[in-house]
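The values are calculated or read from the model by the stated rules, or taken from the named source; none is laboratory data. Please read these numbers as outputs of a predicted model, since none were measured by experiment. Cβ coordinates were reconstructed from backbone atoms using ideal geometry, including for glycine residues, and neighbour counts include every protein chain displayed.
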Amino acid sequence: MSRFGLARRLSKLGVCSRTEAARLIVAGRVAIDGKRCTDPEFPTHADVRLQVDGRDVVAPAYRYLALNKPRGLVTTASDEQGRDTIYACLPTDAWLAPVGRLDKASEGLLLLTNDTGWSAWIASPVSGLRKTYHVKIDRAPDSALVETLRDGLTVDGEILAAVDVSMLRAEARSGWLQFVLDEGRNRHIRRMLGALNIGVLRLVRVAIGGLVLGDLAKGQWRELTLAELAACGLAANPDAPIVGNAKGTPSAAPRRAPVAR
């Protein structure tokens with residue numbers, strides 16, 4: 001039987017983030033089988049009864065969301081610098097964690113879930129899910145640039161490469177490139193272009209495997225369909241209850257939340 005520290009158990013149950021769970025525990029607001037526990041690392045297993053503020057913790061139905069992340073938001077629950085976060089765009093009725101990250105200056109498709117097994121699968125190289133980005137640069141691209149990027153670059157002693165690079169559009173002083181990655185190292189694309197003294201004007205993730213951003217507006221989110229989940233490895237948690245209907249459509253129409261500005 002899997003054993004986890006108390007804070008991690010609460011996070012896995014979708015109560016809140018692990019950091020926030022630790023705060024609740026230290027504050028004496030969490031009980032195990034009726035006894036208060038103030039140790040965030042206290043070992044627990046799935047059969048124990050957990051309570052927060054006297055209320056039983058019940059595992060929620062798993063949820064899987066796609067968000068069109070706007071530029072300028074950070075991918076975190078709370079920011080020490082007080083910057084606006086993606087949670088300004090998300091529903092408040094459940095704790096959902098991002099699957100991977102997009103940095104503050106990047107935008108586009110970001111997945112969120114309270115199913116940690118599925119999240120780990122999506123983020124793992126074993127899943128084979130490739131990520132596609134559209135990138136606007138501050139110079140007109142040409143075939144020579146595309147070939148250089150396809151060959152890969154050594155940046156600060158690290159080899160950075162893409163599965164594929166192609167030119168989408170060339171303008172007089174700028175243009176768009178498409179990058180396909182099978183791994184996501186820190187600022188991967190920005191570092192590749194920076195090594196060639198090329199600036200990034202926009203960086204938009206448009207697809208993760210077969211999941212595409214489509215016409216989802218900035219700051220808008222929707223539930224993933226059952227077909228989309230199956231296409232990207234829902235089998236990582238086959239018994240998960242899912243918010244959605246049997247026809248594989250979202251449980252509700254896409255909703256718009258205020259975007260922090």
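If the Cβ limit is 6 Å and pairs must be 6+ apart or interchain, which residue in region 140-169 that is outside the structural domain of Arg191 (by TED's automatic domain parsing) and of a type outside the set (Lys, Arg) pairs with which residue that is crowded, with 16+ Cβ neighbours inside 10 Å and in a helix (DSSP H, G or I)?
none
Condition check: loosely packed, with under 13 Cβ neighbours inside 10 Å and in a strand (DSSP E or B). Does Thr154 satisfy that? Reasoning before the result, please.
Values: loosely packed, with under 13 Cβ neighbours inside 10 Å: yes; in a strand (DSSP E or B): yes.
It is true that Thr154 is loosely packed, with under 13 Cβ neighbours inside 10 Å and in a strand (DSSP E or B).
What residue, among those in region 38-56 that are of a type in the set (Val, Ile, Thr) and in a strand (DSSP E or B), is surrounded by the fewest Cβ atoms within 10 Å (Cβ to Cβ)?
That would be Val52.
Based on this model, can you work out whether Asp79 counts as within 28 Å of His134 (Cβ to Cβ), among the charged types (D, E, K, R) and free of Cβ contacts under 8 Å to residues at least 12 places away in the same chain?
When the stated conditions are applied, Asp79 passes them.
Tell me the residue from Ala140, Ala94, Ala77, Ala59 that is modelled with pLDDT under 90, in contact with an Asp or Glu (Cβ under 8 Å, 6 or more places away or on another chain) and in a loop (DSSP other than H, G, I, E, B), please.
Residue meeting the stated conditions: Ala77.
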